[in-house]
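Report on one structure; see the data block that follows.
The values are calculated or read from the model by the stated rules, or taken from the named source; none is laboratory data. The shown structure was predicted, so the numbers you read here are calculated from the model rather than taken from an experiment. For neighbour counting, all protein chains shown are included, and Cβ atoms are generated from backbone atoms with ideal geometry for every residue, glycine included.
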Amino acid sequence: MDVRIVIPARNEARNLDACLAAAAASGAAEIVVVDDDSSDATAAIAQNWAARDRRIEVLRLGPLEADDAWRGWAGKNRACWLGAEGAERAWLLFLDADARLLPGGLAAALRNAEAEGLDALSLSPEQECGSWAEAAVVPLVFTLLNRCYAHGEPAGGDGIAGGGSARRERGGEAAANGQFFLWRREAYRRVGGHAAVRGGWLEDVALARRLRDGGGRLALLPGTGCVRVRMYRGWREVWRGWGKNAVPLFGWPWAWPPGVAARTLAAPWIFLAAAAGSLAAGWGWLAATLALGLAALHGDYARRLPRGQRRYAVWLLPGSAVYAAIWWSGARRLRKGTLRWKDRAEPPGAAGR
């Protein structure tokens, strides 16, 4: 396939081997691993793969802060930009190191993008959850994203891996998922690539907006059957990872009037509090009605989740409270300038300030 896969990797030793095994099996013509000044075994793993597979190239970067030429850049944006530099393949796939391409997934995505005449296709991967914190928060956040941003939908409900094709995007804001972001090389260059959004951690959404504003064709589709990710592992990573993205994705949590995300998080607790208050007041019929309303919210949440994640709907109440706390904490740290990810602060002027 006429595709260069670019994998930005900073301290991804636990993920990179599986990522590269799947990428090597995908049929891509080139794979570039950009080691972003890692302090673990990331570079050694990448070099080991490069020694066995001539399609794999490793690009090692020094400290981001040591070179004034990269002042104001986010580390991932630098890695993606350099990994794409000089590419001659028709397509570029930016793939996170914790993502695993599933058999036939890249080919299905490429067929879809070419058939639909897309300039870029982003897939929202299947999300794995290995702890209670992941199960409570990760599916909930992706449900909020689906409600707040424009997504295409697979025709027939089969997804692109099953032969479905992209419909035109629904109304709403342009969006993308940087875990799997496939670009026509010329379209990527036309919008300025990652250099044009160098200072933000939410580069995928920023690039999607640039493409849409320039008249390009973009689709964001479910990645079921194409790509799978376990984003964060455990409570600590869930808190830090989603905290850095919350404001750029959903705005300030104290904004008034509250937006879709805030209303969605608050609704289960409003129903629960109202039901408890009605029961305490002796209004059993009203408490029962409100309890049914809360059950309906759980049912609607389950319906919005991928089939394999519907069991996580039981976490709606605690998940809503936990993510509200993550959002609030992330907003406070962003305002104070103390928000960090992988030992780096977000560059000045980044999205969400």
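Table for the structure above
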read-out: Per-region count, the stretch 98-116, residues in a loop (DSSP other than H, G, I, E, B) and closer than 17 Å to Leu220 by Cα; value: 1
read-out: Every residue from the stretch 117-142 that is in contact with a Lys or Arg (Cβ under 7 Å, 6 or more places away or on another chain), in a loop (DSSP other than H, G, I, E, B) and under 17 Å from Gly223 (Cβ atoms); value: Leu118, Pro125, Glu128
read-out: Lone qualifier among Ala261, Ala255, Ala267 - being free of Cβ contacts under 8 Å to residues at least 12 places away in the same chain, assigned by TED's automatic domain parsing to the domain that holds Tyr301 and among the hydrophobic types (A, V, I, L, M, F, W, C); value: Ala255
read-out: The stretch 68-97, residues that are crowded, with 24+ Cβ neighbours inside 10 Å and either more than 23 Å from the chain's Cα centre (by Cα) or part of a strand (DSSP E or B) (or both); value: Trp91, Leu92, Leu93, Phe94, Leu95
read-out: Residue within the stretch 271-290 that is without any contact (Cβ under 8 Å) to a residue 24 or more places away in the chain, within 30 Å of Gly330 (Cα to Cα) and part of a helix (DSSP H, G or I) present; value: yes
read-out: Enumeration of residues in the stretch 329-343 that are at negative phi and either at pLDDT below 75 or assigned to a helix (DSSP H, G or I) (or both); value: Ser329, Gly330, Ala331, Arg332, Arg333, Leu334, Arg335, Lys336, Trp341
read-out: Check on Gly352, at pLDDT below 95 and closer than 30 Å to Arg198 by Cβ; value: yes
read-out: Filter result (at pLDDT 90 or above and either surrounded by 15 or more Cβ atoms within 10 Å (Cβ to Cβ) or within 17 Å of the chain's Cα centre (by Cα) (or both)) within the stretch 248-258; value: Phe250, Gly251, Trp252, Pro253
read-out: Residue match in the stretch 64-78 (condition: in contact with a strand residue (DSSP E or B) (Cβ under 8 Å, 6 or more places away or on another chain) and of a type in the set (S, T, N, Q)); value: no
read-out: Test: residue in the stretch 299-320 that is surrounded by 14 or more Cβ atoms within 10 Å (Cβ to Cβ) and at positive phi; value: no
read-out: Test: residue in the stretch 163-181 that is among the aliphatic types (A, V, I, L, M), closer than 20 Å to Ala97 by Cα, surrounded by 18 or more Cβ atoms within 10 Å (Cβ to Cβ) and at pLDDT 95 or above; value: no
read-out: Some residue of the stretch 317-330 being in contact (Cβ under 8 Å) with a residue 24 or more places away in the chain and in contact with a Ser or Thr (Cβ under 6 Å, 6 or more places away or on another chain); value: no
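Every residue, every condition in (1) free of Cβ contacts under 8 Å to residues at least 12 places away in the same chain; (2) of a type in the set (Phe, Trp, Tyr); (3) crowded, with 22+ Cβ neighbours inside 10 Å, yes or no:
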{"position": "His194", "(1), (2), (3)": "no, no, yes"}
{"position": "Val197", "(1), (2), (3)": "no, no, yes"}
{"position": "Trp201", "(1), (2), (3)": "no, yes, yes"}
{"position": "Ala208", "(1), (2), (3)": "no, no, yes"}
{"position": "Gly215", "(1), (2), (3)": "yes, no, no"}
{"position": "Gly223", "(1), (2), (3)": "no, no, yes"}
{"position": "Val227", "(1), (2), (3)": "no, no, yes"}
{"position": "Trp239", "(1), (2), (3)": "no, yes, no"}
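Listed here are the residues, each with its yes/no results for (1) on the phi > 0 side of the Ramachandran plot; (2) in contact with an Asp or Glu (Cβ under 8 Å, 6 or more places away or on another chain).
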site: Ala74; (1), (2): no, yes
site: Gly86; (1), (2): yes, no
site: Phe94; (1), (2): no, no
site: Leu101; (1), (2): no, no
site: Ala107; (1), (2): no, no
site: Glu116; (1), (2): no, no
site: Leu121; (1), (2): no, no
site: Ser124; (1), (2): no, no
